[in-house]
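Undergrad: Below is the structure I would like to discuss, written out as structure tokens.
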């Protein structure tokens, strides 16, 4: 039996010129990422609990001195790298895309407090795996070209 899952969808016309142009756009994104990586323009977070959830920090209260912007609100990085497993399972998203996503969901998703009894509690968003996938593939979070 033939497996059609990987075929070009019915009705879509193959166009080498368009596919090549699209591929070049992907190469441009990759080059930008690698350049940013070489320049140190990335923020890395690690899922210590291996639960598939992504925490996006927005504020912190170090030693009970008052809540201050932190994490996504202050980063100068171009890329946000989230490590799900230390053997190389990670997600990379542009900081701008992550900010567009957080702005879009902030009305429907509550900010949570993490480590409230520690000397440095933080506030931010707890993204479930389906939220992360939505952020990565949903065109609603694409950069709008002028």
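Undergrad: Out of 61, 4, 15, I need the residue that is over 18 Å from residue 134 (Cα atoms), surrounded by 12 or more Cβ atoms within 10 Å (Cβ to Cβ) and either in contact (Cβ under 8 Å) with a residue 12 or more places away in the chain or more than 16 Å from the chain's Cα centre (by Cα) (or both). Which one?
TA: Result of the check over 61, 4, 15: 61.
Undergrad: Scan segment 80-127 for residues that are buried (at least 17 other Cβ atoms within 10 Å of the Cβ), free of Cβ contacts under 8 Å to residues at least 60 places away in the same chain and either more than 20 Å from residue 142 (Cα to Cα) or over 17 Å from the mean Cα position of the chain (by Cα) (or both) and jot them down.
TA: Residue satisfying the conditions is 84 alone.
Undergrad: For segment 56-100, which residues satisfy the criterion of being touching a strand residue (DSSP E or B) at 6+ places or on another chain (Cβ under 8 Å), over 19 Å from residue 119 (Cβ atoms) and in a loop (DSSP other than H, G, I, E, B)?
TA: Scanning segment 56-100 gives 75, 77, 78, 86.
Undergrad: Inside segment 64-79, can you point out the residues that are surrounded by fewer than 16 Cβ atoms within 10 Å (Cβ to Cβ) and over 22 Å from residue 133 (Cα atoms)?
TA: 64, 65, 66, 67, 68, 69, 74, 76
Undergrad: While we're on this one: What single numbered condition from (1) touching a strand residue (DSSP E or B) at 6+ places or on another chain (Cβ under 6 Å); (2) closer than 18 Å to residue 115 by Cβ; (3) buried (at least 18 other Cβ atoms within 10 Å of the Cβ) fails to hold for residue 46?
TA: So residue 46 meets the others, but not (3).
Undergrad: For residue 130, are the conditions met, namely being in contact (Cβ under 8 Å) with a residue 40 or more places away in the chain, out of contact with any strand residue (DSSP E or B) (no Cβ under 9 Å at 6 or more places or on another chain) and loosely packed, with under 14 Cβ neighbours inside 10 Å?
TA: No, not satisfied.
Undergrad: Separate question: So which residues in segment 31-50 are on the phi < 0 side of the Ramachandran plot, out of contact with any helix residue (DSSP H, G or I) (no Cβ under 9 Å at 6 or more places or on another chain) and not in a helix (DSSP H, G or I)?
TA: Once the filter is applied, which keeps residues that are on the phi < 0 side of the Ramachandran plot, out of contact with any helix residue (DSSP H, G or I) (no Cβ under 9 Å at 6 or more places or on another chain) and not in a helix (DSSP H, G or I), segment 31-50 yields 44, 46, 47, 48, 49.
Undergrad: Please specify each residue of segment 128-144 satisfying the condition of being part of a loop (DSSP other than H, G, I, E, B) and within 14 Å of the chain's Cα centre (by Cα).
TA: Answer for segment 128-144, where residues must be part of a loop (DSSP other than H, G, I, E, B) and within 14 Å of the chain's Cα centre (by Cα): 128, 138, 142, 143.
Bear in mind that the values in this text are calculations on the coordinates, not laboratory data. From a predicted model like this one, the values you see are computed outputs, not experimental measurements. Glycine also receives a Cβ, built like all others from the backbone with ideal geometry; neighbour counts cover every protein chain displayed.
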